[in-house]
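Only one structure is covered here, and it is reproduced in the block below.
Read-outs: derived from the displayed coordinates by stated rules, not from any lab. All values reported here derive from a predicted model rather than from experimental measurement. When we count neighbours, we look across all protein chains shown, and the Cβ atoms used for this are built from the backbone with ideal geometry, even at glycine.
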Amino acid sequence: MSDIDTMAMLEKRRIEAAILKHVYATLKASHGVDVAQSTIAEAVRRSATDEAAEMAAKVGRKTSLQTFIERQEPWMRGGALEREVVEESATRYRYNVTRCKYAEMYRAMGLGEIGHLLSCQRDRTFCEGYDPRIKLKRTQTIMQGASHCDFDYTFKEEGGSGA
């Protein structure tokens, strides 16, 4: 296993953000805020999809909500997220993040303006890339000023209606 495989996700995101900070500033100066933000958003979505595919491959593509839950540790490592689990079953996983060191880190790096693009928007894309039967509903994030992030994952088995 390589160092990158054992690294806490918070540290990976810090390294990525340090690079993307300069890309964002360059794009913002040359093409404006809208282009800079949409470019960063698209790049992060693509990265999330690739990362999700790698994680799915590690379970032999035998993905489920349970295998997704079992692989959350790198995101939590080092106390990166403090959370309260509300519900956990084979078809639903709900929790509230009450402290997010990702948000704290992005703000400290001067990236509060795009922190939601660097992490929060990644969550939905990641679960879709891991297993399209997993859907995320979230109505608020700490990064965008809420008191907590409300994660609500649902899992729907395919089939049941012929198309």
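Somewhere in segment 51-68, is a residue under 24 Å from residue 108 (Cβ atoms), surrounded by 15 or more Cβ atoms within 10 Å (Cβ to Cβ) and out of contact with any strand residue (DSSP E or B) (no Cβ under 8 Å at 6 or more places or on another chain)?
Of all residues in segment 51-68, those under 24 Å from residue 108 (Cβ atoms) come to 51.
Next, from what is left, pick out any that are surrounded by 15 or more Cβ atoms within 10 Å (Cβ to Cβ): 51.
Remaining after also requiring out of contact with any strand residue (DSSP E or B) (no Cβ under 8 Å at 6 or more places or on another chain): 51.
Yes, segment 51-68 contains a residue that is under 24 Å from residue 108 (Cβ atoms), surrounded by 15 or more Cβ atoms within 10 Å (Cβ to Cβ) and out of contact with any strand residue (DSSP E or B) (no Cβ under 8 Å at 6 or more places or on another chain).
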Can residue 39 be described as touching a helix residue (DSSP H, G or I) at 6+ places or on another chain (Cβ under 6 Å), outside any helix (DSSP H, G or I), of a type in the set (Val, Ile, Thr) and over 19 Å from residue 144 (Cα atoms)?
-> no
Does any residue in segment 20-39 that is under 15 Å from residue 111 (Cβ atoms) come within less than 9 Å, Cβ to Cβ, of a residue that is part of a helix (DSSP H, G or I) and of a type in the set (S, T, N, Q) six or more places away or on a different chain, and which pairs are these?
-> 23/39; 24/37; 24/39; 27/37; 27/39; 28/37; 36/26; 36/30
Would you mind telling me which numbered condition in (1) under 15 Å from the mean Cα position of the chain (by Cα); (2) touching a residue at least 40 places away in the same chain (Cβ under 8 Å); (3) farther than 20 Å from residue 9 by Cα residue 139 fails?
-> (2)
Checklist (1) of a type outside the set (A, V, I, L, M, F, W, C); (2) buried (at least 19 other Cβ atoms within 10 Å of the Cβ); (3) in contact (Cβ under 8 Å) with a residue 40 or more places away in the chain applied to residue 94, failing item | (2)
Conditions: (1) touching a Phe, Trp or Tyr at 6+ places or on another chain (Cβ under 9 Å); (2) part of a helix (DSSP H, G or I); (3) closer than 18 Å to residue 16 by Cα. Residue 68 meets all but one. Number of the miss?
-> (3)
